[in-house]
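What follows is one structure encoded as structure tokens, with my remarks underneath.
The values are calculated or read from the model by the stated rules, or taken from the named source; none is laboratory data. Being a predicted model, the structure only gives us computed values, none of them experimental. Cβ: placed from backbone, ideal geometry, glycine included. Neighbour counts: every protein chain shown. Only protein heavy atoms, including side chains, enter the accessible area calculation; ligands, DNA and RNA are left aside. Shrake-Rupley method; radii C 1.70, N 1.55, O 1.52, S 1.80 Å.
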Amino acid sequence: MEMTDPLAIHPDNAVVWHDDRLYLLDQRALPGATGFIACDSTADTARAIADMVVRGAPAIGITAAYGMVLAARDRHAADAAVWRESIGADIELLAASRPTAVNLFWALERMRRLIDELDADDPTPVLLAEARAIHAEDVAACRTMGDFGAELIAAGTPGQTDIITHCNAGALATGGYGTALGVVRSAYAAGKLRMVYADETRPWLQGSRLTAWELAQSGIPVTVQSDNVAASLMARGGVGWVVVGSDRIAANGDVCNKIGTYALAVLARHHGVRFMVAAPTSTIDMQVASGADIPIEERDPAEVLACGGQRVGPAGVEAHNPVFDVTPAALVDYIVTERGVVQQPDAEKMRALMAGG
Ligand code: MRU
């Protein structure tokens, strides 16, 4: 969509490069407060990713790419003779911001390759063009995935269907439009969607805070439910699909996504509900053989022991907070990418998808 104000408060505006600064819609505060924070350095950018000002695998990758533009600008201004060597520290800083979403490392690698072959007096415009390209390609990929996913839903579902989604895999988590929520948007436009049930997604509440806000902004029917409602909702009938995103897909088709996704996949299989993962190929990591090799981020236990800033666990009690889990490929019906759809993924089908260019 065309936005006249570059800093409009809108789900498609999670990551904005404007007036030589990187602006991030502060997702920690949504939907109660809406505002951007500005990043003027690589350190600002890495901190914003670690603190989840920006989150969601593709959005993290895009942000890191813009962070590399800031790095090149600062390093080149400080010493044009050695900027290419010194920028390695910035890549390391950004790479350490979050461990699971492979889009972060994918985007950093793409920027690093460009730096290695760059032959320009000033690296900033070239790197900015590349970051913008990564951003634009992600939006285009989301739109293509939206169409592919909606076609699957139309082909597999008579009439309208309810969809359960988990976390936020929407415009806020991408360059715009969204992966899972891109499918939701396209299915809604095709008249196939009755209701989206958004798991609230404890502990960080990406579902109730972000997915519900984003869909409500677009006029798409959404109902928030606590994470433990899905089983009884599926048993009642009406839910045809679970549609989620991913932070990293292994070479055998195992899918790593927000904690709780695996439970949804088990429930979906039991109830005959189809399980769709929408993710760009930048989320597929052919270097990891299976989900067992994917690093799972552990965050501060305080996120679990509190809710909405209010402490809900007794003092002195431990909590564990792994924020992602792995759904085995055998429980996945479809992986939808911008290059095409993989049905019942396995190593051979993933290899064929990635070899297809
Ligand atoms: O911890 P988060 O909010 O970064 O986790 C995000 C998710 O798990 C999303 O489902 C995933 O990144 C896909 S986003 C298109």
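Odds and ends about this structure:
- Assigned charges on the beta-carbon of Lys, Arg, Asp, Glu; the stretch 71-177 dipole about Cα centre (debye): 280 debye
- Cα lying deepest toward the dipole's positive end in the chain, options 100, 161, 217, charges on Cβ: 161
- Helix axis angle, 57-78 relative to the chain longest principal axis, alpha carbon, degrees: 10 degrees
- Of all accessible heavy-atom area on the stretch 2-136, the percent that carbon and sulfur account for (1.4 Å): 50 percent
- Cα centroid separation, the stretch 114-151 to the stretch 164-207 (Å): 23 Å
- Separation in nanometres of the label points that stand 7 Å from Cα toward Cβ, at residue 96 and residue 312: 3.3 nm
- Separation of the residue 354 and residue 286 label points, Cα + 7 Å toward Cβ, nm: 0.5 nm
- Summarising the label geometry, the points placed 7 Å from Cα in the beta-carbon direction at residue 132 and residue 85 lie 3.2 nm from one another.
- Between residue 109 and residue 216, the FRET efficiency from the beta-carbon distance, with R0 = 51 Å, is close to 0.90.
- Bins of 5 Å from zero: percent of alpha-carbon pairs in the stretch 186-344: 2, 9, 15, 19, 20, 17, 11, 5, 2, 0, 0
- Principal-axis tilt of helix 123-156 within the chain, Cα atoms, nearest 10 degrees: 10 degrees
- Compared with the dominant principal axis of the Cα atoms in the chain, helix 261-271 is inclined by about 20°.
- With contributions of -39500 (n - 2.57) from each DSSP H run of at least four residues, the per-residue ellipticity at 222 nm computed over the chain stands at -12000 deg cm²/dmol.
- 5 angstrom amide H check on residue 174, placed H, neighbours 5+ away: 59
- The residues of the chain expose on average 39 square angstrom of accessible surface per residue, using a 1.4 Å probe on protein heavy atoms.
- Residue order by solvent-accessible surface for 318, 338 is 318, 338, largest first, with ligands and nucleic acids left out and a 1.4 Å probe.
- Carbon plus sulfur fraction of accessible area for the stretch 144-355, probe 1.4 Å, in percent: 53 percent
- Size of the chain: Rg and Dmax of its alpha carbons, in Å, are 19.8, 67.
- Packing here is the average count of other Cβ atoms within 10 Å per residue, and on that basis the peptides 283-291, 165-173, highest first, run 165-173, 283-291.
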